[in-house]
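S.K.: Quick one: the structure is below, questions incoming.
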Amino acid sequence: MTNQSNLWNTAAVLVASLTFATHGQDGVDSDNSWWGEITADSAAVRCGANESYYPISFLTTGDTVRVVGKRQDWYEIVTEGGSFDGAIGYINYPEKNSSVFMVEGDSGTSTGELEIIAKNVESDEMYRSWRPVYRLGDGDVVQVINTERKKPGTLHKEAYIVHTVSLPQEATAWINVSQIAKTTDPTIEEVVVEPVVETVNVSSEKEVLELVDGVSDENTEELQTLTLVELEDAWAVISNEPVMGAEIAPLHDLYGQLLEENIGDIVIERISAGRMKQLEVWKQLKSQRERIATLRAKLGTESGAVSEYIEVMSTYGDYALVGRLALSNTFNGKIRPFMYRIQNDSGRTIGYVPTNPAWDLSTMVGQVVGINGNVDWDASWRVNVVEATGFDLLAPTTANVPSDIQ
């Protein structure tokens, strides 16, 4: 029984890893993109599809951008071309984990998954820059402008290394549709810009426009205004979950959004900033445990269980995602659209499934399912979303895991 459990742990971790890589950020599909021209002076380019997200750049009339998607009144763009010369972001990590990013001269190479946080151009306070707009993978290279060490207690409880870097050309940003028009210049798309990132092998920032297919317009319109009370309720639930299963990144984003919407409110600023720092610590803990789980899985396949592993992978390899169907504490239909989440055997959330009137997924909560369809990275919510075409019940699960968050 122990060997079977270990085999499932191995397969579950690697299925998640392979699925993420397969449906990852292979670059924006240029066939569906177009070049637009800015039609307003001081047009704010924001890190999210809402006025509450902070600006990462200001463009002026005549500047050009490449549009790759749309969400309601916002165009999704990438930071490609001369309009974004000088656009910067931050890479930060605990000083004790310095091996995750290697710097040589003005080049930095990622040795794992690292997020680039866009700089808030309206503030030099680093805690006001919190929104990741790009994800680096193992071997990706970026231009490093500056490196500094943040003493314990300044940015986080422990010492942190912060690199200021140039934003890659495929970083995602948003601009209001009223401030851009499709360019009529046929030569604009022939402009060649030297890439900052030499290797692109990370998850896709392609917008999942089909997200609303499973959530009715009525439900979307009824989402509540983001409040501190609502987030603290979510905090109370998530902080009692095992760290591998906790929706840390979505909750971190929500506190950041609340902070930006209530600048000057001392209570909200103090609580939100504090929660975001705590969530950063938990994100590091979660990342470490995910690495350990991956290493264990690798060791398992290299120690003689290869034939058994192949058998398990052949059984579940045709599914986009395999895992336990669970309710979400952030995508609950109140502060965000309602979606179910899929957790692997370690409890980590590996994707979200919008509701579908053709299936009653509520009766499947707690069961292990295999989902057919496509997995895409939703740039606005920063999660993997499954455009499901079908699913199968694989096995029930009733395991209870104690909380790691104290």
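S.K.: Select from segment 144-161 the residues that are at pLDDT 85 or above and surrounded by fewer than 18 Cβ atoms within 10 Å (Cβ to Cβ) and write down the one among them that is nearest to Gln278 (Cα to Cα).
M.R.: That would be Ala159.
S.K.: Then there is this: Run down Tyr160, Tyr127, Tyr134 and say which single residue is touching a helix residue (DSSP H, G or I) at 6+ places or on another chain (Cβ under 6 Å), under 23 Å from Leu259 (Cβ atoms) and either touching a residue at least 24 places away in the same chain (Cβ under 8 Å) or small (Gly, Ala, Ser) (or both).
M.R.: Among Tyr160, Tyr127, Tyr134, only Tyr127 is touching a helix residue (DSSP H, G or I) at 6+ places or on another chain (Cβ under 6 Å), under 23 Å from Leu259 (Cβ atoms) and either touching a residue at least 24 places away in the same chain (Cβ under 8 Å) or small (Gly, Ala, Ser) (or both).
S.K.: Could we say that Ala87 is in contact with a Gly (Cβ under 6 Å, 6 or more places away or on another chain) and modelled with pLDDT of 90 or more here?
M.R.: Answer is no for this residue.
The values are calculated or read from the model by the stated rules, or taken from the named source; none is laboratory data. As the structure is a prediction and not an experimental result, all values here were calculated from the model. Here the Cβ is made from the backbone with ideal geometry for all residues, glycine too, and neighbour counts use every protein chain on show.
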